[in-house]
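Engineer: This is the structure, below, for whatever I ask next.
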Amino acid sequence: MKPTSAVEIKFFNHENGMVEYVVYVDQKQEFSIKTTPKKWCNSNHPLRVFEEWLLDKNTKEKITKVGAEKIIECLQRYHEVEEKLITTIPMLHEEDKENYSDSYKWLRLPMLGESPETIGNMILLDVELLPNDCLAGILLAILKNQVPIGVQMKGLGIYRDGNSFRFCISGSTSKEDLQTLYEQYKQNHCFLNKT
């Protein structure tokens, strides 16, 4: 896969009242511009050049492309690691670390012994003591009623960082199953045929 570049822009306020804009590409400083806030409106000031560079359509597209490519790269890596985990340890269905501010939980889907009762029990666990389990139960209850036949769920990963919970639900489908789902959806939602 073609390596991607990471673009990062940092803003620094200096004690002398100067503002510094620094652009990094792949963690290497490319250039920086220092200015004072009162000069922002001066079209001859280098900041104007920076603003034009930043707002330039091509630059925006490049930054957007870099970000999108990075997301795709991470998504592919996530799926590869998850698939390797499932293949290497087929009996593994759950891995977690609870009661920590940076706790995590990973569940293989469909969950072993999954039933409305087990999902309900997960939701009703003490949200203060086992918040990842509670969130996992809520997400599984939503998925249970929403995921159509033809979509294979793989895993559910939850990461807690302080008071924030981030999660990723992975799965896959085939082109044939997608075509079937498309035809079913089109048939059940006739408004799509209206012009």
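The values are calculated or read from the model by the stated rules, or taken from the named source; none is laboratory data. Keep in mind that what you see is a predicted model, and the values were worked out from it rather than measured. Every residue, glycine as well, gets a Cβ built from its backbone with ideal geometry; the counts of neighbours run over all protein chains shown.
Engineer: Is there a residue in the stretch 178-193 that is among the hydroxyl-bearing types (Ser, Thr, Tyr) and either touching a residue at least 24 places away in the same chain (Cβ under 8 Å) or touching a helix residue (DSSP H, G or I) at 6+ places or on another chain (Cβ under 6 Å) (or both)?
Structural biologist: At the first step, the residues of the stretch 178-193 found to be among the hydroxyl-bearing types (Ser, Thr, Tyr) are 180, 182, 185.
Subsequent filtering for residues that are either touching a residue at least 24 places away in the same chain (Cβ under 8 Å) or touching a helix residue (DSSP H, G or I) at 6+ places or on another chain (Cβ under 6 Å) (or both) retains 180.
Yes, because at least one residue in the stretch 178-193 is among the hydroxyl-bearing types (Ser, Thr, Tyr) and either touching a residue at least 24 places away in the same chain (Cβ under 8 Å) or touching a helix residue (DSSP H, G or I) at 6+ places or on another chain (Cβ under 6 Å) (or both).
Engineer: Please pick out the residue among ILE142, ILE169 that is free of Cβ contacts under 8 Å to residues at least 12 places away in the same chain and either of a type in the set (A, V, I, L, M) or under 16 Å from LYS105 (Cα atoms) (or both).
Structural biologist: Details: ILE169 fails: free of Cβ contacts under 8 Å to residues at least 12 places away in the same chain.
When all the criteria are applied, what remains is ILE142.
Engineer: Could you tell me whether any residue of the stretch 122-133 is more than 23 Å from ILE71 (Cα to Cα), among the aliphatic types (A, V, I, L, M), modelled with pLDDT of 85 or more and in contact with a Pro (Cβ under 7 Å, 6 or more places away or on another chain)?
Structural biologist: no
Engineer: Restricting the search to the stretch 127-173, which residues are part of a loop (DSSP other than H, G, I, E, B) and over 22 Å from the mean Cα position of the chain (by Cα)? Show your work before the answer.
Structural biologist: Start the filter on the stretch 127-173 by keeping residues that are part of a loop (DSSP other than H, G, I, E, B), which leaves 127-130, 147-151, 162-163, 173.
Residues satisfying the conditions are VAL127, GLU128, LEU129, LEU130, PRO148, ILE149, GLY150.
Residue-by-condition table, conditions (1) free of Cβ contacts under 8 Å to residues at least 60 places away in the same chain; (2) over 18 Å from TYR159 (Cβ atoms); (3) polar (S, T, N, Q):
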{"site": "GLU69", "(1), (2), (3)": "no, yes, no"}
{"site": "ILE72", "(1), (2), (3)": "yes, yes, no"}
{"site": "VAL81", "(1), (2), (3)": "yes, no, no"}
{"site": "LYS84", "(1), (2), (3)": "yes, yes, no"}
{"site": "THR88", "(1), (2), (3)": "yes, yes, yes"}
{"site": "HIS93", "(1), (2), (3)": "yes, yes, no"}
{"site": "ASP96", "(1), (2), (3)": "yes, no, no"}
{"site": "TRP106", "(1), (2), (3)": "yes, no, no"}
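Engineer: Let me ask you something else. May I ask you to verify whether GLY67 is at pLDDT below 90 and on the phi > 0 side of the Ramachandran plot?
Structural biologist: Working: at pLDDT below 90: yes; on the phi > 0 side of the Ramachandran plot: no.
Spelling it out, it is not the case that GLY67 is at pLDDT below 90 and on the phi > 0 side of the Ramachandran plot.
Engineer: Something else: Considering only residues that are surrounded by 13 or more Cβ atoms within 10 Å (Cβ to Cβ), hydroxyl-bearing (Ser, Thr, Tyr) and in the same structural domain as TYR24 (by TED's automatic domain parsing), which ones fall in the stretch 63-110?
Structural biologist: Hit for the stretch 63-110 is TYR78, nothing else.
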